[in-house]
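Written out below as structure tokens is the structure these notes cover.
The values are calculated or read from the model by the stated rules, or taken from the named source; none is laboratory data. All figures in this text were calculated on a predicted structure; none of them were measured in a lab. Note: ideal-geometry Cβ built from the backbone for every residue, glycine included; neighbour counts use all protein chains shown.
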Amino acid sequence: MKLRTTFIHWGYQCPWCEKSIETLTRLAQDGEIACRFEDVTATDRRTPLVSSFLTSAEGLPGTGSPILEKNRRMLFERAIPLPAPVDAEKPQAALDTIKELNADTIQDSIAVCNNHTTEKSKKERWYAQNADAYFGFVGYKAGKPVCIIEMSAAADCPFDRIERSADIAQIICIYSNAEDRDYKLDILNHAEMALAGAFKSIQIIAGRRTRYPNGTKALFEAAGYAVTRELGPQYLLGKGYDEVYLMRKDLRTEP
């Protein structure tokens, strides 16, 4: 009997989403699984998403891990019933330049997501179609894009169990791909200053022990964020469970 799976995704917001779709489509064509794809970009329905995509296999816990050739068989295995190991944080560092996410920098954002591979991505078109409600920044070191932060108003975000308000900015993804340094706190601070006055607060979803989906709870606590809601355990393929939290920080509006 084929394993029935559902892949819920916020369009092509993340390049790893389309890679997962490619893998799942191939598995379905080969007859290994039966897969239903659900794009929530153009709907108002709230979803169990805590990041841009989720694979839910019948009888097994859902996972936000990308589904790739190297881990696809883990979809068929019973989940590892252990806490995921702790992800070590890299030393924080400052960026040289931070630019607004726009039509000119979207390719640099994609390059950060793809760890500088030359693969084409459907995200560029997705961004063009959603640029009125999607914003962020790209950070550079020595002229190379190394960090991104991408957001929407919480009212425009399809994630369930967040506080949805036009006054709250929801971080969808913050990612730094340098091998020896991490630039998340620098670009986060830049975003906070840029958004003060336009939004009252910023929300982010973080893991207790792992960097899924945006970084660890401890990292964002160091930046002044506090837990407002426990979102339950999430499963990471081949690693185990980690608790996920909604966190928020109020923005300073005085000059």
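Find the residue count for region 133-142, including only residues that are modelled with pLDDT of 95 or more and either among the small types (Gly, Ala, Ser) or part of a loop (DSSP other than H, G, I, E, B) (or both).
3
Go through region 173-198 and count every residue that is surrounded by fewer than 23 Cβ atoms within 10 Å (Cβ to Cβ) and in contact with a Leu (Cβ under 7 Å, 6 or more places away or on another chain).
Residues meeting the conditions: 4.
Given the structure, is GLU58 of a type in the set (Asp, Glu) and in contact with a Leu (Cβ under 8 Å, 6 or more places away or on another chain)?
So GLU58 passes the test.
For region 126-146, what are the residues that are surrounded by fewer than 16 Cβ atoms within 10 Å (Cβ to Cβ) and under 18 Å from the mean Cα position of the chain (by Cα)?
Selection gives ALA131, ALA133.
Please work out if ALA178 is in contact with an Asp or Glu (Cβ under 7 Å, 6 or more places away or on another chain) and at pLDDT below 95.
Here the answer is no, as ALA178 does not meet what is asked.
How about region 19-36: which of its residues are in contact (Cβ under 8 Å) with a residue 24 or more places away in the chain and buried (at least 19 other Cβ atoms within 10 Å of the Cβ)?
Correct list: SER20, THR23, LEU24, LEU27, ILE33, CYS35.
List the residue pairs whose Cβ atoms are under 8 Å apart, where the first residue sits in region 183-200 and is under 14 Å from ILE171 (Cβ atoms), the second is of a type in the set (A, V, I, L, M, F, W, C) and surrounded by fewer than 16 Cβ atoms within 10 Å (Cβ to Cβ), and the two are 6 or more positions apart or on different chains.
Sorted first by the residue in region 183-200, then by its partner, the pairs are LEU185/ALA222.
Quickly run through region 78-123 and pick out the residues that are more than 26 Å from THR41 (Cβ to Cβ) and acidic (Asp, Glu).
Listed by number, the residues that qualify are ASP87, GLU89, ASP96.
Considering only residues that are closer than 15 Å to THR41 by Cβ and touching a residue at least 60 places away in the same chain (Cβ under 8 Å), which ones fall in region 8-18?
Filtering region 8-18 down to residues closer than 15 Å to THR41 by Cβ leaves 8-14, 17-18.
Across region 8-18, the qualifying residues are TRP10, GLY11, TYR12, GLN13, CYS14, GLU18.
Would you check which residues across region 51-99 are touching a residue at least 60 places away in the same chain (Cβ under 8 Å), assigned to a strand (DSSP E or B) and either under 28 Å from ASP156 (Cβ atoms) or out of contact with any strand residue (DSSP E or B) (no Cβ under 6 Å at 6 or more places or on another chain) (or both) and list them?
THR63, ILE98
So, of the residues in region 100-118 that are touching a residue at least 24 places away in the same chain (Cβ under 8 Å), under 17 Å from the mean Cα position of the chain (by Cα) and outside any loop (DSSP other than H, G, I, E, B), which turns out to be farthest from GLU32 (Cα to Cα)?
Selected residue: ASP108.
Could you pull out the residue among ILE149, ILE106, ILE80, ILE98 that is over 14 Å from CYS14 (Cβ atoms) and buried (at least 18 other Cβ atoms within 10 Å of the Cβ)?
Result: ILE98 is the single residue among ILE149, ILE106, ILE80, ILE98 that is over 14 Å from CYS14 (Cβ atoms) and buried (at least 18 other Cβ atoms within 10 Å of the Cβ).
Out of region 150-175, which residues are in a strand (DSSP E or B) and touching a residue at least 40 places away in the same chain (Cβ under 8 Å)? Break it down stepwise before answering.
Within region 150-175, the subset in a strand (DSSP E or B) is 150-153, 159, 168-175.
Answer for region 150-175, where residues must be in a strand (DSSP E or B) and touching a residue at least 40 places away in the same chain (Cβ under 8 Å): GLU150, MET151, ALA153, PHE159, ILE168, ILE171, ILE172, CYS173, ILE174, TYR175.
Within the bounds of region 114-132, is there any residue that is over 19 Å from CYS173 (Cα atoms), among the basic types (Lys, Arg), in contact with a Ser or Thr (Cβ under 9 Å, 6 or more places away or on another chain) and modelled with pLDDT under 95?
no
Is it the case, given these coordinates, that ARG248 is assigned to a strand (DSSP E or B), touching a residue at least 12 places away in the same chain (Cβ under 8 Å) and either touching a Leu at 6+ places or on another chain (Cβ under 8 Å) or among the acidic types (Asp, Glu) (or both)?
No.
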